[in-house]
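The values are calculated or read from the model by the stated rules, or taken from the named source; none is laboratory data. These figures come from a predicted structure and were not determined experimentally. Cβ: placed from backbone, ideal geometry, glycine included. Neighbour counts: every protein chain shown. These accessible areas exclude ligands, DNA and RNA; they are computed on the full protein's heavy atoms, side chains included. Shrake-Rupley method; radii C 1.70, N 1.55, O 1.52, S 1.80 Å.
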Amino acid sequence: MQKILIVEDEKAISGVLHSILSDELPEYQFEIAEDGLEGFKFIEKEDFALVISDIKMPKISGTELLKQSLALKPETTFIMISGHADIDTAVGCLREGAYDFISKPIDINRLITSVKNALDKGNLQKANSNLKQENSQLKKKVNKKYQMIGQSPALKKIQEIIDKVAVSDARVLVTGPNGAGKELVAHAIHSQSERSRGPMIEVNCAAIPSELIESELFGHVKGSFTGAIKDKSGKFEQATGGTIFLDEIGDMSLVAQAKVLRALQESKVSPVGSDKEIKVDVRVIAATNKNLAKEIEQGKFREDLYHRLSVIEISVPSLNDRAEDIPLLVEHFTNLIASENGSAAKKFDDKSIKALQQYDWTGNIRELRNVVERLIILGADPVTADDVASFVKK
């Protein structure tokens, strides 16, 4: 139960305030302090939804109590009352951070209204603070999920490029084999950019049927095709203010490529079945495991779109090309899996790590993660080279 503190050196007044307010606010507990010093000791020990304080008091005045309390706990809400009120005193209290100033003799209706409004404001601020904290924790969790692990020269070079490109709005094309971590590069760029406050919308172009890709990207209006039972916004519109990540863009149809090119040129999209143009403000990061130069030669990818997308090109190496990162990756996945399962992390002995470094990782980091999980489940503790030989297929 939340508490309200009344700081008043006249017992008759504090008693009346307590009686009236406890009837109006039965969901709150009340504490009474007889002077400013006692009031400050209460505030040091506990958090109060509201402090109602007289100004002229022995030991510590109400204005000093206000200053010291807000220095200690800035979120505390104060209503100041005084029988020696003047404009300067009232303005001074409000400047110091008080929510309201009420002069004596106290207008009870005004006091009740002010108290309820102050409590509503304080509860809203607390809710917003909790929401911000939850969002911050969620963001940390998301960032940890997409953390780039390793100390190899190849990975350090990529991180240097990310640090430089993240501060701009330049479009980025990320290339590399499947499972190498192209999406990690995209998330790192977004999270380090000014657009991190906005959404990061991901589109797997290879997973969406060609006849639906335009609807997914640009939206559609009701009745524009069979199954379009209502208007739907597209991924470009949803990503406004943030980043859109077009994964496996090499698998996109030429028709959809033409529309993406127009969206990049004009910063506008048209939903399927509509002549309406919607302004969009997005940063585009694209990724592919294909050689787009060959795709262009074969007429499967538009050269003008390639040049629009590849202002900055980042090539992500295969895991075989950064085998020195495997010990750190194994440790990372071991801890991650243990955290997900609520269990203690297993160890991998040196010979098991060397065996993993000699393996041909055709599935790259994605495959390594699956192998680590398999060894944790089936292997000994610590995991040995024999476990690797038994449970990892060559």
Matching residues, segment 12-39, being open to solvent by 30 Å² or more (accessible area, probe 1.4 Å), in a helix (DSSP H, G or I) and either among the basic types (Lys, Arg) or in contact with a Lys or Arg (Cβ under 9 Å, 6 or more places away or on another chain) (or both): 13, 24, 37, 38
Of all residues making up segment 102-118, the number that are surrounded by 13 or more Cβ atoms within 10 Å (Cβ to Cβ) and not in a strand (DSSP E or B): 10
Scan of segment 1-11 for residues that are assigned to a strand (DSSP E or B) and not aliphatic (A, V, I, L, M), ordered by number: 3
Total residues in segment 88-101, condition under 39 Å from the mean Cα position of the chain (by Cα) and either in contact (Cβ under 8 Å) with a residue 12 or more places away in the chain or open to solvent by less than 30 Å² (accessible area, probe 1.4 Å) (or both): 8
Number of the condition not met by residue 202 [criteria: (1) open to solvent by less than 60 Å² (accessible area, probe 1.4 Å); (2) touching a helix residue (DSSP H, G or I) at 6+ places or on another chain (Cβ under 9 Å)]: (1)
Cross-chain or 6+ apart pairs with Cβ under 6 Å, segment 151-176 first and over 22 Å from residue 248 (Cβ atoms), then open to solvent by 40 Å² or more (accessible area, probe 1.4 Å): 152/324; 166/192
Selection within segment 238-265 - open to solvent by 40 Å² or more (accessible area, probe 1.4 Å), under 17 Å from residue 171 (Cα atoms) and under 27 Å from the mean Cα position of the chain (by Cα): 240
Selected residue (criterion: nearest to residue 195 (Cα to Cα)) from residues of segment 219-252 that are of a type in the set (S, T, N, Q) and modelled with pLDDT of 90 or more: 243
Candidate set: segment 294-316, residues that are assigned to a helix (DSSP H, G or I) and touching a residue at least 12 places away in the same chain (Cβ under 8 Å); chosen: the one surrounded by the most Cβ atoms within 10 Å (Cβ to Cβ): 309
Condition met for residue 180 (more than 24 Å from residue 266 (Cβ to Cβ), among the small types (Gly, Ala, Ser) and touching a Phe, Trp or Tyr at 6+ places or on another chain (Cβ under 9 Å)): no
Segment 279-293, subset surrounded by fewer than 18 Cβ atoms within 10 Å (Cβ to Cβ) and more than 13 Å from residue 250 (Cβ to Cβ), residue nearest to the chain's Cα centre (by Cα): 281
Top-ranked residue of segment 40-72 - restricted to ones that are in a loop (DSSP other than H, G, I, E, B) and among the aliphatic types (A, V, I, L, M), ranked as nearest to the chain's Cα centre (by Cα): 49
Residue in segment 40-63 that is farther than 23 Å from residue 2 by Cβ and acidic (Asp, Glu) present: no
Members of segment 310-323 that are within 31 Å of the chain's Cα centre (by Cα) and under 26 Å from residue 363 (Cα atoms): 310, 312, 313, 314, 315, 316, 317, 318, 319, 322
Residues (at pLDDT 90 or above and not basic (Lys, Arg)) located in segment 64-75: 64, 65, 66, 68, 69, 70, 71, 72
